[in-house]
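Below: one structure, written as structure tokens.
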Amino acid sequence: MNPEKKIVLSGLRPTGPCHLGNLAGALRNWLRLQDIYRCYYSIVTWHAFSSEYTNSRTIRDNVFEVAVDWLSIGLDPEKSVIFVQSEVKEHAELHLLLSMITPLPWVERVPTFKEMQQELQDKDINTYGYMGYPVLQAADILIYKAEVVPVGEDQAPHLELAREIARRFTRLFGPIFPEPQTLLTETPRLAGTDGRKMSKSFGNAIYLKDTPEIIRQKIAPMVTDTRRMRRADAGEPNECPVFTLVRAFVSKEQQDEVARGCRTAGIGCLNCKDILIDSLIRLLTPYREKRAFYEKNPRLVWDILNEGNQRARRAAQKTMDEVRDALGF
Ligand code: SF4
């Protein structure tokens, strides 16, 4: 890793394999960033535990699933540190210390908590730990002295909190942490197969590992713009859940063609879905082939993670030595 480059930190909760929403909202961007920055990509197991604590034995399997997806799409362990959060215990220590200097109202005003409560209605996330997850995120970022954090607009308040915590730490104990800057990234809100936001929790996701048959089965019955009751009715693509996927995964030329055809009833929804299905199959087939290789070589995947854990640990331990010194412990 080139020490001249700025440090980036980002992570994903291992609550299942990666889906198209993860690809469009984060992973595509990560691929680009790994050539520009020193990137730490974390499989954030403790964040997963905060909502999956009644089901914690699935987390290890999901770490493997996520790692395989990341490697299959081209995240490169030679360029980036790919690691498992809970294998670097220093995150927990820094989280504990930061939670003691973070005023409660700062955490209470983070707006995504209510949204997550909605999304995870089948889970009891009214816990002390879940409430504090933005502080854990701050620890995840600050422990690597990350200078840049790619976030979508909805996650921006979390990063603002991390910045405020860094400033407060500096005022109290001295300058150890740089204030991480937001790298605002486009995170398109993709519809899942039921028209709601694509999410593992809603069971409406299309996964990177889905076969062409499954992709077809999932997309064919998707609801479309309700104006198009009949083939001859014109529609509005911006009101159609299918078009959120078209916009993210179909070439610009074909998107324009579809949008025009939809508004003039020039194409039917079946044609439109066929175009989407073909594009997705073309995109995902090479990933699935690489995935098959890693699935057959699990030892290789765990070795890559172990190597990443060690690299992350070395950086985190260095920061924690400075933190303990600054606190006078
Ligand atoms: S043609 Fe495509 S964008 Fe238009 S309503 Fe049908 S599925 Fe949606």
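The values are calculated or read from the model by the stated rules, or taken from the named source; none is laboratory data. Since the structure is predicted, the reported quantities are computational estimates derived from the model, not experimental observations. Every residue, glycine among them, receives a Cβ derived from its backbone with ideal geometry; neighbour counts consider all protein chains shown. For accessibility, only protein heavy atoms count, side chains too; no ligands or nucleic acids. Shrake-Rupley method; radii C 1.70, N 1.55, O 1.52, S 1.80 Å.
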Report task. Please return the longest stretch of the chain lacking exposed loop sites, where GluC sites (Glu not before Pro) count only if DSSP places them in a loop and at most 12 other Cβ atoms lie within 10 Å. Result -> 187-329
Query - Surface share of carbon and sulfur [accessible, 1.4 angstrom probe, percent] for the chain - result: 51
Query raised in the report: Which whole-Hz ³J(HN,Hα) couplings does the stretch 156-166 yield from phi under the Karplus relation 6.51 cos²θ - 1.76 cosθ + 1.60, θ = phi - 60°, glycine and proline marked x?
Result: 4, x, 5, 6, 4, 5, 4, 5, 5, 5, 4
Report task. Compute the separation of the alpha-carbon centres of the stretch 130-156 and the stretch 24-73 and state it in Å as a whole number. Result -> 14
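Assuming R0 = 22 Å, what is the FRET efficiency of residue 186 and residue 121, from their Cβ-Cβ distance, to the nearest 0.05? Spell out each step's value before the answer.
Working: r = 28 Å, r/R0 = 1.26.
It comes out at approximately 0.20.
Give me the count of lysine pairs in the stretch 203-329 whose alpha carbons sit under 22 angstrom apart, restricted to pairs 8 or more positions apart or on different chains.
Lysine pairs meeting the criterion: 6.
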Query raised in the report: Taking amide H positions as placed 1.01 Å from N in the peptide plane, with prolines and chain starts having none, which residues 5 or more places from residue 208, or on another chain, fall under 5 Å of its amide H?
Result: 18, 19, 20
Query raised in the report: Any idea how far apart residue 251 and residue 238 come out in nm if each label point goes 7 Å out from Cα toward Cβ?
Result: 2.6
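Based only on Cα atoms, what Rg/Rh ratio does the chain have, Rh being taken as Kirkwood's radius? Numbers along the way, then the final one.
On the way: Rg = 21.2 Å, Rh = 21.2 Å.
Here Rg/Rh amounts to 1.00.
Scan the stretch 36-70 for trypsin sites (Lys or Arg not before Pro) in coil per DSSP, keeping those whose Cβ has at most 14 other Cβ atoms within 10 Å, and list them by number. Spell out each step's value before the answer.
Values: sites: 38, 57, 60; in loops: 57.
Counting only loop positions with at most 14 other Cβ atoms within 10 Å, the trypsin sites (Lys or Arg not before Pro) in the stretch 36-70 are 57.
Among the trypsin sites (Lys or Arg not before Pro) within the stretch 205-234, which fall in a DSSP loop and have no more than 15 other Cβ atoms within 10 Å of their own Cβ? Walk me through the numbers before you get to the answer.
Values: sites: 209, 216, 218, 227, 228, 230, 231; in loops: 209, 227, 228, 230, 231.
The qualifying sites are 227, 230, 231.
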Query raised in the report: How many nm is it between the label spots at residue 60 and residue 170, if each spot is 7 Å from the Cα in line with the beta carbon?
Result: 4.2
Query raised in the report: With every protein chain kept in the model, how would you rank 40, 53 by accessible area, 1.4 Å probe, largest at the top?
Result: 53, 40
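Could you compute the net charge surrounding residue 181? Neighbours are other residues with a C-beta less than 13 Å from the C-beta of residue 181; K and R count +1, D and E count -1. Don't skip to the end; give the middle numbers.
Working: positive: 6, 145, 163; negative: 147, 160, 179.
Result for the local shell: 0.
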Query - Pair residue 35, residue 5: separation of 7 Å Cα→Cβ label points (nm) - result: 1.1
Requested in this report: Show the residues, 5+ positions off or on another chain, whose built amide H is closer than 5 Å to the amide H of residue 11.
Outcome: 42
Query raised in the report: Which ³J(HN,Hα) values in Hz, rounded to whole numbers, follow from the phi angles of the stretch 79-85 under the Karplus curve 6.51 cos²θ - 1.76 cosθ + 1.60, where θ = phi - 60° and Gly and Pro get x?
Result: 9, 10, 8, 10, 8, 10, 3
